[in-house]
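Below: one structure, written as structure tokens.
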Ligand SMILES: Nc1ncnc2c1ncn2[C@@H]1O[C@H](COP(=O)(O)OP(=O)(O)OP(=O)(O)O)[C@@H](O)[C@H]1O
């Protein structure tokens with residue numbers, strides 16, 4: 001479980017999050033809100049990448065350790081990150097990118113010497129197989145499509161054997177088909193492995209299709225926390241004000257899946 005308590009984050013005195021208290025125990029949660037609402041900042045604060053100005057982030061009941069501390073590094077191992085731009089090492093193979101997710105778990109000496117035990121390699125291959133990329137294991141990351149790269153990113157996050165996956169706009173750089181593949185994989189991980197998934201998502205259709213809970217931020221404040229079915233027109237209008245609500249009918253909807261219109 002990860003939790004924020006009265007979390008404030010400011011950048012050079014300008015507040016980005018105000019008094020955000022929210023807990024994520026399990027399930028698939030979407031974080032939504034207009035541009036600049038603080039969605040990425042919340043993700044980054046939960047992973048200790050952005051320090052809190054005041055308030056706390058607690059992981060399994062323990063406050064996050066100080067920046068650059070061994071305690072924080074150990075906590076970060078429980079949090080698998082999936083990034084919008086994948087953040088793979090482009091010249092390394094898909095397999096080596098997944099193995100990078102194991103580094104923190106390997107004997108540090110082996111890591112330093114570049115020795116990868118056979119069992120680790122087999123495990124990384126198993127994870128690539130799970131995301132449908134066993135045949136691409138030895139391809140360089142930069143030879144893969146965007147959707148394939150993001151699937152490697154998910155396998156790398158899984159390699160850490162995290163308790164929680166934090167996915168910061170995991171599909172906004174992908175086409176519809178790849179987006180569906182990545183979302184289906186994340187959903188499967190949440191359901192079969194019991195890993196909580198928290199994802200910043202843009203399109204409300206995607207939220208309704210995949211998330212069991214939605215948390216909305218506006219101007220750095222938490223303004224909604226509930227089931228996606230409760231996101232009615234008035235709520236959406238208030239949330240996005242003058243911005244066009246990001247509803248794209250049919251986007252990333254699983255085949256034969258119907259959901260109530262907003
Ligand atoms: N590293 C930073 N330095 C300065 N200001 C920042 C930094 N990161 C975020 N901000 C500011 O904090 C506010 C929240 O930004 P954040 O990226 O968290 O919003 P977001 O909801 O993720 O937006 P988007 O949907 O456009 O990605 C914005 O005003 C942004 O300009």
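Please work out whether the range 1-91 counts as rounded, prolate or oblate from its C-alpha gyration tensor, where a ≥ b ≥ c are the square roots of the eigenvalues and a/c under 1.5 means rounded, while otherwise a/b larger than b/c means prolate and anything else oblate? It comes out rounded by the Cα gyration axes.
Label separation (residue 6 vs residue 134): 5.3 nm, computed from points 7 Å beyond Cα along the C-beta direction. Full extension of the segment from residue 235 to residue 188, taken as 0.36 nm per residue of separation minus the current Cα-Cα distance, would add 14.0 nm.
Taking the alpha carbon gyration tensor of the chain, multiplying each eigenvalue by 5 and rooting it gives semi-axes of 30, 24, 15 Å, largest first.
Per-residue ellipticity at 222 nm for the chain, helices alone: DSSP H runs ≥ 4 residues times -39500 (n - 2.57), over residue total, nearest 500 deg cm²/dmol?
Details: 9 runs with 88 residues, N = 262.
After summing the helix terms and dividing by residue count, I get -10000 deg cm²/dmol.
Once a ≥ b ≥ c are taken as the square roots of the eigenvalues of the Cα gyration tensor of the range 106-221, is the result rounded (a/c under 1.5), prolate (a/b larger than b/c) or oblate (a/b not larger than b/c)? All intermediate terms of the calculation are to be shown ahead of the outcome.
Values: a/c = 2.14, a/b = 1.67, b/c = 1.29.
Taking the square roots of the gyration eigenvalues as a ≥ b ≥ c, the range 106-221 is prolate.
The angle between the Cα long axis of helix 146-159 and the main principal axis of the chain comes to about 70°, on a 0 to 90 degree scale.
For the chain, what relative contact order do you get, as a whole percent, if you take Cα pairs closer than 8 Å and at least 6 residues apart? Can you show the working numbers first?
Numbers: 488 pairs, mean separation 66.2, N = 262.
This gives 25 percent for the chain.
Normalised Debye scattering of the range 49-108 at q = 0.14 Å⁻¹ gives log10 I(q)/I(0) of -0.53, counting only Cα atoms as equal scatterers and leaving out solvent. Fully extending the segment from residue 173 to residue 126 would add 14.3 nm, taking 0.36 nm per residue of separation and subtracting the current Cα-Cα distance.
Can you give me the convex hull volume of the Cα atoms of the range 1-54, divided per residue and expressed in Å³? Each step should come with its number before you reach the end.
Values: hull volume 4.2 nm³, N = 54.
Taking the convex hull of the Cα positions in the range 1-54, it is 78 Å³ per residue.
Value of Rg to Rh for the range 177-227, rounded to two decimals, is 1.00; Kirkwood radius and Rg both from alpha-carbon coordinates.
Computed from the coordinates by the stated procedures, all read-outs in this text should not be read as laboratory data. Keep in mind that what you see is a predicted model, and the values were worked out from it rather than measured. Please note: Cβ atoms are built from the backbone with ideal geometry, for glycine as well, and neighbour counts cover all protein chains shown.
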